[in-house]
Every structure is written in C-alpha cells, then in structure tokens.
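Worksheet for the structure shown next.
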Amino acid sequence: MFRKLFGKNTPKLAAPVLPIVRNVTIGRTVILDPLTWRRFGDQTRFELDRDTLEITAQGVVSLDDGAFVHRFYTDDHVMFQAVSDDREGQSANDFTLFVPWRSAYPGSSAQRRLWADKLRSPTFMEDDLPVYRRFWFDEETADQAPVTFWENVFTDRAADQPYSRLFQTCMLFHRDLPDEGRELLLAMTLEPVEGDVTHEIMIGLPLAVGEFKA
C-alpha cells in the first residue's frame, strides 16, 4: 500500500538522522505480544498472522503542535507507530499497531468527494465493517476538517534524502472492544510527490510498552 506509492524523485531536503525509537528502526525486528489482538478473538477486525515485524521503511512526521509521529513499515504494509514530543523519539509514550484493510484508487471526482465527506463525518461506515466513531476532536461535531501533514519516508538509514514524500489527509476513528479494549480505524488520502492518489483504510490496536520489544 505504501511502498508501491513511493516516488523516487523528491525535493531536496536537509540530510536527516533517522530516530531510533524504543530500539526500533530500519533493519531491526519488532517482537509483539500476540495476546494484544488474540484476546479479542472474533470481536476485532484486526488480523495479523505473526508476532514479529521486519522493519524495512521508516517515516517521520512533524505535526503543527510540535509533536512527532514515527512510523515503521514492513514489506506487507504493517505499520508500527509511535508519537513523541521530540523528533528523536526519546519521549515516545503513545504506540499503535496498524494493518492494512483496503487500498483504492479513486476513479472519479465523485468518489473523491464521497471519501472526503467520510473523513469529516462523526462516524465512519463501510459495508464490510462495523460503525466507528471519530476519535480525534469532538465526536459530536457534525463536520470536522481532517488532519493534514507531510510524511518523509526512508528505506535506507544511510540515505541523505527520503525515498518518498507523502501528503496525507487523515482522520482516526474507534470502537469499543470487550474488556475495555479499543479498536482504531485510520482513514487516509495519500498523495505522493510521485505517484497516484489513493484512499486507505487501516485497522489498529493500541500497544502498551510491555507488548512489544526490539
């Protein structure tokens, strides 16, 4: 979903130093506690057939409020995400694991408008999914502008420029699971500098610090 969109010709940026967050970076393996998702059984739409992630790409996002999002990808588009107040990720305390659900190329302007309306809605509904409620912002607001940002994606820790830049329009939704659990749905419009626009749905679960190691 992400790798197929990565363009190779990107604007020149300052040479980066990729953060290592909780010992996670390109070329390393994340070991997960499978009870994170197995304990919910068929109550969750989250599915993962293994408990290890081989990280082959890494993204860095700088948010307007000063926070940073660190994303670590596998070849099959599983995403381990950490949010931190610092670019180095030393203060990271918000961790999530996402798996891809659907990736679609919008075929018309009408499809793009319909998707944009979904991102602004207080609930997210698809025929093959349960109903999710808006997680970011106020659930009661009828119309809420989604979050937008650029993500710089690297596939080589030694690279002095990102492999791709992706402009993203996102909204996060959620629903309750048994035993005070929570399932997340990340809905996104991805616009790579080089490549086609896609609409993406990812299903995620929050991770406690004790539920992963690298």
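The values are calculated or read from the model by the stated rules, or taken from the named source; none is laboratory data. Everything numeric here is computed off the predicted structure, so don't read it as measured data. Positions of Cβ are generated from backbone atoms using ideal geometry, with glycine treated the same way; all protein chains shown enter the neighbour counts. Ligands, DNA and RNA are stripped out before the accessible areas are found, and what is left, the full protein with its side chains, is counted by its heavy atoms. Shrake-Rupley method; radii C 1.70, N 1.55, O 1.52, S 1.80 Å.
Annotations for the structure displayed:
- Residue match in region 85-92 (condition: of a type in the set (A, V, I, L, M, F, W, C) and modelled with pLDDT of 95 or more): no
- Among (1) within 26 Å of Leu205 (Cβ to Cβ); (2) assigned to a strand (DSSP E or B) - the single one Pro130 does not satisfy: (2)
- For Glu139, the criteria (1) touching a Pro at 6+ places or on another chain (Cβ under 9 Å); (2) under 27 Å from Arg38 (Cα atoms) hold in every case but one, which is (2).
- Failed condition for Asp42, given (1) in contact (Cβ under 8 Å) with a residue 40 or more places away in the chain; (2) farther than 20 Å from Cys170 by Cα: (1)
- Taken over region 82-95, the criterion of being touching a Phe, Trp or Tyr at 6+ places or on another chain (Cβ under 8 Å), within 22 Å of Arg165 (Cβ to Cβ) and in contact (Cβ under 8 Å) with a residue 60 or more places away in the chain is satisfied by Ala82, Ser84, Arg87, Gly89.
- Residue check, Glu200 open to solvent by 30 Å² or more (accessible area, probe 1.4 Å) and assigned to a strand (DSSP E or B): no
- Count - residues of region 23-38 that are part of a loop (DSSP other than H, G, I, E, B), in contact with a strand residue (DSSP E or B) (Cβ under 9 Å, 6 or more places away or on another chain), open to solvent by 10 Å² or more (accessible area, probe 1.4 Å) and not basic (Lys, Arg): 4
- Residues that are in contact (Cβ under 8 Å) with a residue 40 or more places away in the chain and open to solvent by 50 Å² or more (accessible area, probe 1.4 Å), drawn from region 101-110: Trp101, Arg102, Tyr105
- Number of residues in region 45-55 that are open to solvent by 10 Å² or more (accessible area, probe 1.4 Å) and either closer than 21 Å to Leu186 by Cα or part of a helix (DSSP H, G or I) (or both): the value is 4.
- If the condition is being touching a strand residue (DSSP E or B) at 6+ places or on another chain (Cβ under 9 Å) and farther than 17 Å from Lys118 by Cα, then region 197-214 contributes Gly204, Leu205, Pro206, Leu207, Ala208, Val209, Glu211, Phe212, Lys213, Ala214.
Residue by residue, here is whether (1) part of a loop (DSSP other than H, G, I, E, B); (2) aliphatic (A, V, I, L, M); (3) open to solvent by 30 Å² or more (accessible area, probe 1.4 Å) holds:
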{"residue": "Gln58", "(1), (2), (3)": "no, no, no"}
{"residue": "His70", "(1), (2), (3)": "no, no, no"}
{"residue": "Gln81", "(1), (2), (3)": "no, no, no"}
{"residue": "Glu88", "(1), (2), (3)": "yes, no, yes"}
{"residue": "Phe98", "(1), (2), (3)": "no, no, no"}
{"residue": "Arg112", "(1), (2), (3)": "no, no, yes"}
{"residue": "Leu119", "(1), (2), (3)": "no, yes, no"}
{"residue": "Phe137", "(1), (2), (3)": "yes, no, yes"}
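- Residue within region 178-186 that is of a type in the set (Lys, Arg), open to solvent by less than 50 Å² (accessible area, probe 1.4 Å), free of Cβ contacts under 8 Å to residues at least 60 places away in the same chain and in contact with a Pro (Cβ under 8 Å, 6 or more places away or on another chain) present: no
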